[in-house]
Ligand SMILES: Nc1ncnc2c1ncn2[C@@H]1O[C@H](COP(=O)(O)OP(=O)(O)OP(=O)(O)O)[C@@H](O)[C@H]1O
C-alpha cells in the first residue's frame, strides 16, 4: 500500500482542458471517492494516475516514486496499479479462475491457492472459478474484475464507476464486498462516481470535482455537514437554502434564531440546512408554522414539501421525516430545526 499524491496536475485532450492544477493526497491504505458530475474529469484523473494520459503540468507520486512529472514518465505496466472499469471487461474466452490468474505475474499463473484466496477475498465461492464470465451475474463479474485487479497485490486500485451498471440490490452488496476486499488487502484506492450516496458510504474521504478542480476534500460527514459552498451542499444531497442575517455564532432567518456551525460571516448570508434537520410538530408547537403541499413516500422515510410564509414571502421547504407518521397535504404543521446550520456568503 502506498500514499498517492497529485501536485498541481493539469491534464486534458487537444483543445479540451479538463484538470486545472489539481492537488490530491490519498493516504496509504485508505479509499478516496472522487465525486463529480458527468464530464467533470473523473475518468481523466484516473487515466493520469494509471499512466494512460500524461499531465501537461504537475506531478503524480505513488509512494515515494514520481511516476509522472517534468522529465519523468513511468509507463502504466510499471506503476503497480490495478484498474477496475464500469463494465468489468473480463476475457470472455477464459474461465473466472483464468481471468483472475491473468492478473498474476507469469510464474505464478498456475497458483490455484492464490486464485482461491482472491475469490474468497471478494466474497465468491471456489466453484465459481470454473465458470465463464457470461455465466455470472453483473455483480459477480465486477467482483471477479476486482479480484483480477488485486491479484498482483497492487500498491493502488483505481475504480471507475464499477457499480453503475448494476441494479440497486446488487449494487449495495457488490459495493460492500468491494469495500471489505479493499480493506482486507490493505490497498490504497481511488473510486470515481457521480453517486453521492455511494461516495458517502464507501470512502474514507470525498474529493468533490467541479470545473476541473477539487472544491472540497474531506471526510464524508464534513463534506455533507460542512460543505464549502451552496453548490457543493446541493451536490452532496438535498439542501434547504433560505436567506438570513448572521453574527456572533448565530443566524436570524425564517426559522427564527439558529446556531451556526463553523466560521460565521457577519451580515447577509445564505443559510443551509439538511431536510432531516427539520422536525415536524403540531401547529403552534414549533418555531414556525407551515402548510404541507405534497409528500413523497419512500418507505423508510418521506419527503414533505412545505410552504412557509415569512413576511409575505413564500419559501419552499423540504423536510425528511420517518416514514410512519406523515401529515396530509393541506395540513398546518409546526417546524423545529435540529442542530446547527451552515451559512455561506450570499450569491
Ligand atoms: N479522448 C478524449 N478526447 C477529447 N475529449 C475527451 C476525451 N475523453 C474525454 N474527453 C472530454 O473530457 C471531459 C472530461 O471527460 P471525463 O471522461 O474525464 O469525465 P467524467 O467525469 O469521467 O464523465 P462521466 O461521468 O460522464 O464518465 C469531457 O468533456 C469529455 O467529453
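For the condition surrounded by fewer than 19 Cβ atoms within 10 Å (Cβ to Cβ) and touching a helix residue (DSSP H, G or I) at 6+ places or on another chain (Cβ under 9 Å), what is the one hit in 303, 264?
Values: 264 fails: touching a helix residue (DSSP H, G or I) at 6+ places or on another chain (Cβ under 9 Å).
It is 303.
Looking at (1) touching a residue at least 40 places away in the same chain (Cβ under 8 Å); (2) closer than 25 Å to residue 303 by Cα; (3) in a strand (DSSP E or B), which is the one condition that is false for residue 283?
(3)
Here are some conditions: (1) surrounded by fewer than 17 Cβ atoms within 10 Å (Cβ to Cβ); (2) more than 13 Å from the ligand (Cβ to nearest atom); (3) modelled with pLDDT of 95 or more. Residue 76 meets all but one. Which one does it not meet?
(3)
Please name all residue pairs, on different chains or six or more residues apart, with Cβ atoms under 8 Å, provided the first residue is in the range 35-63 and is near the ligand (Cβ under 7 Å from one of its atoms) and the second residue is at pLDDT 95 or above and part of a loop (DSSP other than H, G, I, E, B).
Qualifying pairs under 8 Å: 44/53.
So for the range 146-159 (the condition being within 16 Å of the ligand (Cβ to nearest atom) and either buried (at least 19 other Cβ atoms within 10 Å of the Cβ) or part of a helix (DSSP H, G or I) (or both)), does at least one residue qualify? Steps first, please.
Step one: list which residues in the range 146-159 are within 16 Å of the ligand (Cβ to nearest atom), which gives 158-159.
Filter again for either buried (at least 19 other Cβ atoms within 10 Å of the Cβ) or part of a helix (DSSP H, G or I) (or both), leaving 158-159.
Within the range 146-159, one or more residues are within 16 Å of the ligand (Cβ to nearest atom) and either buried (at least 19 other Cβ atoms within 10 Å of the Cβ) or part of a helix (DSSP H, G or I) (or both).
Assess whether residue 10 counts as being surrounded by 14 or more Cβ atoms within 10 Å (Cβ to Cβ), more than 14 Å from residue 157 (Cβ to Cβ) and either at pLDDT 95 or above or touching a helix residue (DSSP H, G or I) at 6+ places or on another chain (Cβ under 7 Å) (or both). Give the derivation first.
On the way: surrounded by 14 or more Cβ atoms within 10 Å (Cβ to Cβ): yes; more than 14 Å from residue 157 (Cβ to Cβ): yes; either at pLDDT 95 or above or touching a helix residue (DSSP H, G or I) at 6+ places or on another chain (Cβ under 7 Å) (or both): yes.
Spelling it out, residue 10 is indeed surrounded by 14 or more Cβ atoms within 10 Å (Cβ to Cβ), more than 14 Å from residue 157 (Cβ to Cβ) and either at pLDDT 95 or above or touching a helix residue (DSSP H, G or I) at 6+ places or on another chain (Cβ under 7 Å) (or both).
Just to be sure before I move on: is residue 185 within 16 Å of the ligand (Cβ to nearest atom) and at pLDDT below 85 in the structure I sent? Break it down stepwise before answering.
Numbers: within 16 Å of the ligand (Cβ to nearest atom): no; at pLDDT below 85: yes.
Considered against the rule, which asks whether it is within 16 Å of the ligand (Cβ to nearest atom) and at pLDDT below 85, residue 185 comes out as no.
Does the range 56-66 contain at least one residue that is within 25 Å of residue 167 (Cβ to Cβ) and modelled with pLDDT of 95 or more? Talk me through it step by step, then tell me what you get.
Taking the range 56-66 and keeping what is within 25 Å of residue 167 (Cβ to Cβ), we get none.
No, the range 56-66 contains no residue that is within 25 Å of residue 167 (Cβ to Cβ) and modelled with pLDDT of 95 or more.
Here is a check on your reading of the model: is residue 202 within 14 Å of the chain's Cα centre (by Cα), within 30 Å of residue 112 (Cα to Cα) and surrounded by 18 or more Cβ atoms within 10 Å (Cβ to Cβ)? Spell out the reasoning first.
Values: within 14 Å of the chain's Cα centre (by Cα): yes; within 30 Å of residue 112 (Cα to Cα): no; surrounded by 18 or more Cβ atoms within 10 Å (Cβ to Cβ): yes.
Taking the combined requirement at face value, the residue does not satisfy it.
Starting from the range 169-196, keep only residues that are without any contact (Cβ under 8 Å) to a residue 40 or more places away in the chain and outside the structural domain of residue 156 (by TED's automatic domain parsing), then list their pairs with residues that are part of a helix (DSSP H, G or I) and buried (at least 22 other Cβ atoms within 10 Å of the Cβ) whose Cβ atoms are within a distance under 8 Å, requiring at least 6 positions of separation or different chains.
From the range 169-196, no pairs qualify.
The values are calculated or read from the model by the stated rules, or taken from the named source; none is laboratory data. Treat the numbers as computed from the prediction; the structure is a model and nothing was measured. Cβ coordinates were reconstructed from backbone atoms using ideal geometry, including for glycine residues, and neighbour counts include every protein chain displayed.
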